[in-house]
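Below is one structure; the comments refer to it alone.
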Amino acid sequence: MPDPIVSALSAPRWPDDVARRYRELGYWRGEELTAPVRHYAASHPDKPALIDSVGRLLTYAELDRTADQVASALQQWGLAPGDRFILQLPNLLELVCLLLGSVRAGIIPVMVLPTHREQEVIHLAKGSGAVACAIADRQASYDFRGLMRRVRDAVPGIGKVVVVGEPGEDDGVISYDRLMAMAGPPVDRPPVDAHAVALLLHSGGTGGLPKLIPRTHNDYDYNARASAEACGFDENTVYLAALSAAHNFPLACPGLLGTFSVGGTVVLAREPSPDSVFSLIEKHKVTVTAAVPTLVSLWLEAREFDETDISSLKLLQVGGAKLAESVARRIHEWPGVRVQQVFGMAEGLLNYTRAEDPIDIVETTQGRPLSPDDEIVIVDEEGQPVADGAVGELWTRGPYTIRSYLAGPEINARSFTPDGFYRTGDMVRRLPSGHLVVAGRSGDQINRGGEKFSAVEIENHLIDHPAVKEIAVLGVPDADLGQASLAFVHPVETPPSLRELKDFLRQRGVATYKLPDRLRIVDDIPLTRFGKIDRKRLALLADEPVPS
Ligand code: J2J
C-alpha cells in the first residue's frame, strides 16, 4: 500500500495548463529553493550572508558550503529525499543551515515554532509522517529534549533527533556537531524537481489544530523573490529576523529567503525584546525588519527611553494582525523609517503596501496583492461576489497560493472551492486602488497579537474539564493584543477559576499563547439553529458588562 502522505505530497499541485502559464510568465523558474545562495557564493563568496545574535557570521561561500555539508550529513545519518524533518529551533545559524541543507537534499523540513508544545508538535509530526527532528537543547528555562521525548512516545516514527547544544542520552539523539562530522565529500545529487514540495509550513488553524501547508520550490522561490523586488530589497539590504524564522513572514516575505535572493545580509535575533533588537540594528546597520503589531507597540514604548542608534533602519514591515492607524503614525515619527503593511498568510497570498503608495494608504490599508496573477474575489455568505467596496470573505488563487493542504479530503473541500480558490476566512473590503482593508474574520480563528489558533481546538480540550458543562472560546477586542481570548463557561456546579482552566490546558501540552486570557461564567452557551456555537451572539454577550 502506498503511504498516503507520500502520495499526497507527490501529487501535482496546480492544473497542468495553469502550471505551464506560471512557467511561461517566468514566475516559476524551475530552480531549487536554495539556488540563490549557490549563485551568490560563486559571484560574491566573501559577502556576509548570515549573522546571529552572538556575532557568528557566515559568508555566502560558507553558508553554501555548510548547506552542502548538512545535506550530505543528513543523508549519512539515514535520511532520504522525501523524508519529513521537523525543525523546531530558535533563530540560530543552525536553523538556517539545517533548513537550506535539508531542502537541498530533497528532505522536507516541517517548520514548527519554538512556542509550540506537545499538542501542536505531535499533531504536525503525525500529519507530516516525520521521521526526524531538530531542536535546541533549551531556550530560556524550557527544555526541548523533554518535549521531544514526550512527542516521540506519541509518534514512535521519529527515530532521530539532532540537538543544537547538549544532546542527552536518549536513543537516536545526536548533537549538531556530531551530525556535521558525518558530512562526506560533496556528492552528485540528482537535481531536485522544482515542482516538488520543498517545505511544510503550518496554518494558524480554524476548526481545530494547525494544518500542514506544502510549498514547492517553484512557488516559494517566487514568493521570496517577488517579495524582495516589491519591497525594494537589494545587495545592500541588511534584514533582521526578529520574529521566529520558522514563520512564513520572516522566512520568505521577503525575510531570509528574499534577502538571499538579492545577495543581502540576514541578521538573526534570538529573541525580539527591544534591547536585543535595537542593539542588533545598531551593531549591524540593519535596514529592514518585520514585526507583528504587539511587538511594534513594545518597541515604540521602549524607544521613548532608548538611545541606541537605529538610524540605519529604513523599512519596518508590520503584519500578522491588523496595525492600528495610530500606531502606524507613531512609527512614522521615527526619523527615516517607512512603514510597510503586510497582510499575508502561510497558504500563499501576500499583500504589501508599496514605497510609492501615498502615506494615508500605507497607514490605513493592509496592502495590495504581490503578483499580477493573484486572483482575488470577495464574496458574501452564498459565495457570490459582493458589490465593489463592500465587506466580504476573501478567496484567492495564484502562482504561490496552495491548492490543497496536506490534510484529508473533508478539510480540503472546506478550505478550497472546486475551482481552486483558497477560502481565506478573512473579511476584507477592496478600495478602487486595489488595496485591501481587513475587517475581521469569519469562523473561529483567534488572532492574539499575531499568534493564531482555533477556538474550537481549545473548546475541545476544556469540555473535558470536570467543572465544565458547556464551553465556548471567543476572540474579543483588546487594547494591547488586538484580540484576547475569552472563555465562556457554563459550569457543572462550582465554576472553575481561570487559573484552573489554564493549568488544565498546560498539563495537556497546549502552547501558552492559546490559554484563555479571561473567563466569563454563564448559564448557557447560545447555539445556532444547527446546534453550533453562535459566535455572533457570544460577541454581543462579551460586550455586555459582567453582571455583579
Ligand atoms: C490583519 N490580519 C492579518 C494583517 C495576517 C506576512 C504577514 C503575516 C503573515 C501571517 C504571513 C494581517 N492584518 N496585516 O504569513 O507572510 C491574519 C489573517 C491571515 C492570517 C495568516 C506573512 N496579516 N493576518 O500572519 O499564516 O487572518 O501568516 O489569514 O500566520 O493572519 O496567518 P499566518
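Nothing in this text is a laboratory measurement; each read-out follows from the coordinates by a stated rule. Predicted model, so just to flag it, every value in this text is computed and none were measured. All Cβ positions, even for glycine, are placed from backbone atoms using ideal geometry, and neighbour counts span all protein chains on display.
Points worth noting:
- Residues located in region 442-451, provided they are part of a strand (DSSP E or B) and either more than 9 Å from the ligand (Cβ to nearest atom) or in contact with an Asp or Glu (Cβ under 8 Å, 6 or more places away or on another chain) (or both): Ile446, Arg448
- Counting only strands (runs of 3 or more DSSP E) that sit wholly inside region 182-267, those with at least 1 residues that are over 17 Å from Tyr422 (Cβ atoms) are 197-202, 238-241.
- Lys160 within 13 Å of the ligand (Cβ to nearest atom) and of a type in the set (Lys, Arg): no
- Residue count, region 387-414 (criterion: over 15 Å from Val377 (Cα atoms) and not hydrophobic (A, V, I, L, M, F, W, C)): 10
- Selection count where residues are more than 20 Å from Phe233 (Cα to Cα) and either near the ligand (Cβ under 10 Å from one of its atoms) or of a type in the set (Asp, Glu) (or both), scope region 327-347: 4
- Contact annotation: residue pairs with Cβ atoms under 7 Å, 6 or more positions apart or on different chains, pairing a residue in region 338-349 that is at positive phi and of a type outside the set (A, V, I, L, M, F, W, C) with a partner that is part of a loop (DSSP other than H, G, I, E, B) and more than 6 Å from the ligand (Cβ to nearest atom), are Gly348/Gly398; Gly348/Tyr400; Gly348/Thr401; Gly348/Ile402.
- Once region 477-513 is narrowed to residues that are assigned to a strand (DSSP E or B) and surrounded by fewer than 19 Cβ atoms within 10 Å (Cβ to Cβ), the residue that is nearest to the chain's Cα centre (by Cα) is Ala484.
Residues checked against (1) surrounded by fewer than 18 Cβ atoms within 10 Å (Cβ to Cβ); (2) within 15 Å of the ligand (Cβ to nearest atom); (3) in a helix (DSSP H, G or I):
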residue	(1), (2), (3)
Ala390	yes, no, no
Glu393	no, yes, no
Arg403	no, no, no
Ile411	yes, no, yes
Asp419	yes, no, no
Gly425	no, yes, no
Gly440	yes, yes, no
Phe453	no, yes, no
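- Residue match in region 419-438 (condition: in contact with a helix residue (DSSP H, G or I) (Cβ under 8 Å, 6 or more places away or on another chain), in contact (Cβ under 8 Å) with a residue 40 or more places away in the chain and of a type in the set (Val, Ile, Thr)): yes
- Among residues of region 295-326 being of a type in the set (A, V, I, L, M) and within 12 Å of the ligand (Cβ to nearest atom), the one that is nearest to Ile281 (Cα to Cα) is Val296.
- Unique match (being buried (at least 20 other Cβ atoms within 10 Å of the Cβ) and over 17 Å from Val362 (Cβ atoms)) among Ala269, Ala328, Ala302: Ala269
- Close pairs from region 259-277: first farther than 12 Å from Ala245 by Cα and touching a residue at least 24 places away in the same chain (Cβ under 8 Å), partner polar (S, T, N, Q) and surrounded by fewer than 17 Cβ atoms within 10 Å (Cβ to Cβ), Cβ under 8 Å, at least 6 apart: Gly263/Ser43; Gly264/Asn236
- Residue in region 523-531 that is in contact with a helix residue (DSSP H, G or I) (Cβ under 8 Å, 6 or more places away or on another chain) and surrounded by 10 or more Cβ atoms within 10 Å (Cβ to Cβ) present: yes
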